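The values are calculated or read from the model by the stated rules, or taken from the named source; none is laboratory data. Every value quoted in this text rests on a predicted model; they were computed, and no experiment measured them. Every residue, glycine as well, gets a Cβ built from its backbone with ideal geometry; the counts of neighbours run over all protein chains shown. Each accessible area value is taken on the protein alone, full model and side chains, heavy atoms only, with ligands, DNA and RNA left out. Shrake-Rupley method; radii C 1.70, N 1.55, O 1.52, S 1.80 Å.
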Amino acid sequence: LPDFLQRVDGYLCEIKEAQIRDGLHVLGQLPQNEQLVDLLLALVRVDNGKIPGLLKALAGDFELDHPALSRDLAAPAPNNAVFPCRSCGDVMEALSDLAKRLIQACWRLASPDAAVAEILPVAGTNAAQTLTYLWKEIRPRLECCHEEIGHIIDALSGRHVPPGPSGAPTRGTADVLPTGRNFYSLDIRAIPTATAWRVGSSAADALLRRHVERTGGYPESIALVVWGTSNMRTQGDDIAEILYLLGVRPRWDDANRRVVGIEVISLAELDRPRIDVTVRISGLFRDAFPNLVRLLNEAVSLVAGLEEPLDRNYVRAHIARDTALLLRHEKEACSEVE
């Protein structure tokens, strides 16, 4: 029973950490008070390029392992004098509350450094970096939301509307702000992004962990449906999940963050078998992302050619099984002809 209650507690923490909308956006109006604080926290919850997410930054300032904390919210909390919590989920909740206090202080004092000095009992170097980005980069962009109505009127009148990139600003792409622009699709050569890779690989881990808990073993094959619009919105979560299930990762160009290829994750690092993934794609995905179709094909071919035990590489195992079956059928057909 205690283990069950611990898992339930972790699950409730996961739900609490999820982004749950509490209302619709009002065109041309910036949220106020608590809604504004929640919006600002959502915009810096994950990394924005080289700027660390605020919870991750705070964890670093308090010498906490953020990946370990967020990996399993039901796990026992690490020993820390500042956060004497029971579980990792409780620590993440405490960091979230602290992040909100920092944002409120930053807006009240109009100074990220002053907010850190007032709220944090430690130096707060990492948090100050993220708050500075929030104050100097994101705040001015958000305050341009009053232009939304004017741009809609311009569009209806056939006048020019300033262009801008598309995407969800809460997924590590706050640079798509301000809203109300004539947005264009993303650079397909940069899919999946580093943020999408983190989200997709975490989703794959959660999927496999749940399957192991229910059945006692890993699945040999998984089928996924991939849609074009969802990949435009998330910048490649689904693709990242597929790649991670296969046991490969993208390689990005350091200069422009475009995907330039894939590399194999060793079985030792993966610590599980490579899963055979069947992908069904939509027509829009096929037409809009031909590079990703090629990338997935390359990933499957790469994994299939690895000299690994069949019980650790289900792609290779299934190809070997199907090949043997086809050869047997061919032999039987030839015997009937003779």
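For the reader, a short list of remarks on this structure follows.
- Rg/Rh ratio calculated on Cα atoms of region 15-85 (Kirkwood radius): 1.05
- The listed residues Cys85, Cys145, Cys334 rank as Cys334, Cys85, Cys145 when sorted by accessible area, largest first, using a 1.4 Å probe.
- With 10 Å bins beginning at zero, the pair-distance distribution over Cα atoms of the chain amounts to 5, 20, 27, 25, 14, 5, 2, 1, 0, 0 %.
- Accessible surface of Thr215 - all protein chains present, 1.4 Å probe, nearest 10 Å²: 90 Å²
- Of Thr195, Thr179, Thr229, the residue with the greatest mean-square motion in the GNM of the chain, using alpha carbon springs below 10 Å, is Thr229.
- Note: region 61-183, Cα convex hull, 120 Å³ per residue.
- Multiplying each eigenvalue of the alpha-carbon gyration tensor of region 237-305 by 5 and taking the square root yields semi-axes of 20, 16, 10 Å, largest first, rounded to whole angstroms.
- Extended-chain gain in nm, criterion 0.36 nm per residue less alpha-carbon gap, Ala324 and Phe183: 45.6 nm
- Overall, region 127-227 carries a charge dipole of about 160 debye about its Cα centre when +1 sits on the Cβ of Lys and Arg and -1 on the Cβ of Asp and Glu, all other atoms neutral.
- Per residue, the chain exposes 55 Å² of solvent-accessible protein surface, assessed with a 1.4 angstrom probe and all protein chains in place.
- Each Lys and Arg Cβ is given +1 and each Asp and Glu Cβ -1; about its Cα centre, the chain then shows a dipole of about 560 debye.
- Listed peptides 39-50, 301-312, 260-271, 114-125 appear in the order 39-50, 114-125, 301-312, 260-271 once ranked by packing, highest mean of other Cβ atoms within 10 Å at the front.
- Per residue, the convex hull spanned by the alpha carbons of region 107-157 comes to 69 Å³.
- Accessible surface of the chain, 1.4 Å probe, proportion on carbon and sulfur as whole %: 55 percent
- Largest-first principal axis extents of the Cα set of region 162-309 (Å): 55, 31, 30
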